[in-house]
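The values are calculated or read from the model by the stated rules, or taken from the named source; none is laboratory data. The shown structure was predicted, so the numbers you read here are calculated from the model rather than taken from an experiment. Cβ placement follows ideal geometry from the backbone for every residue including glycine, while neighbour counts extend to all protein chains displayed. Please note that ligands, DNA and RNA were not included when accessible areas were found on the heavy atoms of the full protein model with its side chains. Shrake-Rupley method; radii C 1.70, N 1.55, O 1.52, S 1.80 Å.
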Amino acid sequence: MLRGKHILLGISGGIAAYKTTFLVRLLIKAGAQVKIVMTQSASSFVSPLTLATLSKNPVMMDFVNEEDGSISWNNHVELGLWADLMLVAPATANTMSKMAHGTCDNLLLATYLSAKCPVYFAPAMDLDMYKHPSTKASIDKLESFGNVMIPAESGELASGLHGEGRMAEPENIIGFIEDHIAKALPLRGKKVLITAGPTHEAIDPVRFLGNRSTGAMGFELAKKASSLGAKVYLVSGPTHLSVDYPNIELVRVTSAQEMYGACHAVYADVDVAICAAAVADYRPKSVATEKIKKKEGDMHIELVRNPDILLSLGEAKKQQFLVGFALETENEMENAKGKLERKHLDGIVLNSLKDEGAGFGGGTNKITFIDKNLAVKTFALKTKPEVASDIWDEIISRIHA
Ligand code: C5P
């Protein structure tokens, strides 16, 4: 859930700041990138050097750094925009009150005001401070901004008193954020089938018919679906790509017939299926058991039709939202609309080989999404991860409509 996420950790000055060393370790272990902004008083409780080492990034405390006669500026706006998520932990009564009132007298607060991402805060203070109406008012105000509180836990406090006010344990903070993100994910609880890559159709034990598809578009669609909360079956033909996401089940196949079998094995159970694979339309009628030796004169290989996987999924469609790809060189729109109808699709992604940067290989694609009501949306040339995101936006807006 947190893999690849940019997490901005704001540490304010309470004894619980010492727990942020464990928190940072766990965030890094979960695959997040972490940058830290701390208040001056937090640095009395936990060493900036320890945190810089654990987070693998310099820790920022002031607007301006003066070192060896040079001056540099910690840009709070850039930091705020970098973050996918800001976590203020521990959030002291003082820092929460300032956050609630728009006070901006340190880098942490300026960054908070600049951040457009979701903000979580984990209060930590003594029990009477936690219960004070003023603290309660700050929390209410922050929640009214859409910030999310990670409630303090009960137990022994630094004062020696017993009660509510301890900052949530690092593993509970992470569990809380992961749960919260999961609940807000649009594909949570959904199952998705994606085909990717080329197929290889054997001629003999060493030769095959194939194509130049790399599988990149399908893999990006799978990664995006997974980060949106789906369970993904990624059925891929031969590719050098791999993926290591806990909720992506990668099924590697070689031929179109194998891909057909792997897709139908899960299709009945999925909510969305996207066929991004470049499936060979034909395969050799027979596969030689031994390597074919060259002879005088030409040779001919008889080819037979492969199953059209997408068409077969269209014919078996029940609850599934089914999307195909159309890679065209001429009469693009007409051909794509024809496929949409013939294969009983809910949407089709058209890429034209006439567009520079579109189609196989390369890191980019330029697409047009057409739905079954023939609503058409054309996108600019983008990176494949961005294109995957656009395709999912189109699908999600329709399955949730
Ligand atoms: O008809 P055409 O091959 O151009 O359609 C392309 C779409 O059909 C793509 O989504 C591709 O993954 C799918 N397809 C398939 N099985 C085939 C051929 C194409 O699933 N044998």
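Overview of results
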{"item": "When residues of the range 294-339 are limited to those that are of a type in the set (A, V, I, L, M), over 30 Å from Asp269 (Cα atoms) and in contact (Cβ under 8 Å) with a residue 12 or more places away in the chain, the one farthest from the ligand (Cβ to nearest atom)", "result": "Ile301"}
{"item": "The listed residue being open to solvent by less than 60 Å² (accessible area, probe 1.4 Å) and part of a loop (DSSP other than H, G, I, E, B), out of Val243, Val251", "result": "Val243"}
{"item": "Filtered residue count, the range 254-265, keeping only those that are open to solvent by 30 Å² or more (accessible area, probe 1.4 Å) and not charged (D, E, K, R)", "result": "6"}
{"item": "Criterion: in the same structural domain as Tyr260 (by TED's automatic domain parsing), in contact with a Cys (Cβ under 9 Å, 6 or more places away or on another chain), open to solvent by 10 Å² or more (accessible area, probe 1.4 Å) and at pLDDT 95 or above - qualifying residue of Ser312, Ser389", "result": "Ser312"}
{"item": "Residue satisfying all of: in the range 56-84; assigned to a loop (DSSP other than H, G, I, E, B) and more than 23 Å from Gln33 (Cα to Cα); modelled with the lowest pLDDT among these", "result": "Asp68"}
{"item": "Strands (runs of 3 or more DSSP E) wholly inside the range 113-230 that include at least 3 residues being buried (at least 17 other Cβ atoms within 10 Å of the Cβ)", "result": "119-123, 191-196"}
{"item": "Filter pass, His240 being over 23 Å from the mean Cα position of the chain (by Cα), farther than 18 Å from Ile396 by Cβ and free of Cβ contacts under 8 Å to residues at least 60 places away in the same chain", "result": "no"}
{"item": "Qualifying residue in the range 339-346 (condition: within 22 Å of the chain's Cα centre (by Cα) and under 28 Å from Thr239 (Cα atoms))", "result": "no"}
{"item": "Subset of the range 13-32 [over 24 Å from Thr95 (Cα atoms) and either open to solvent by less than 10 Å² (accessible area, probe 1.4 Å) or without any contact (Cβ under 8 Å) to a residue 60 or more places away in the chain (or both)]", "result": "Ile28, Lys29, Gly31, Ala32"}
{"item": "The range 262-284, subset assigned to a strand (DSSP E or B) and either in contact with a helix residue (DSSP H, G or I) (Cβ under 8 Å, 6 or more places away or on another chain) or closer than 23 Å to Ile399 by Cβ (or both), residue nearest to the ligand (Cβ to nearest atom)", "result": "Cys275"}
{"item": "Some residue of the range 66-81 being open to solvent by 20 Å² or more (accessible area, probe 1.4 Å), within 21 Å of Glu178 (Cβ to Cβ) and touching a strand residue (DSSP E or B) at 6+ places or on another chain (Cβ under 9 Å)", "result": "no"}
{"item": "Single condition Ile36 does not satisfy, out of (1) aliphatic (A, V, I, L, M); (2) part of a strand (DSSP E or B); (3) under 20 Å from the mean Cα position of the chain (by Cα)", "result": "(3)"}
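Yes or no, residue by residue, for (1) part of a strand (DSSP E or B); (2) crowded, with 18+ Cβ neighbours inside 10 Å:
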residue: Asn335; (1), (2): no, no
residue: Lys339; (1), (2): no, yes
residue: Gly359; (1), (2): no, yes
residue: Phe369; (1), (2): yes, yes
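For every residue, the table says whether it meets (1) among the β-branched types (Val, Ile, Thr); (2) over 21 Å from the mean Cα position of the chain (by Cα); (3) under 21 Å from Cys117 (Cβ atoms).
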| site | (1), (2), (3) |
| --- | --- |
| Ile150 | yes, yes, yes |
| Ser159 | no, yes, no |
| Glu171 | no, yes, no |
| Asp179 | no, no, yes |
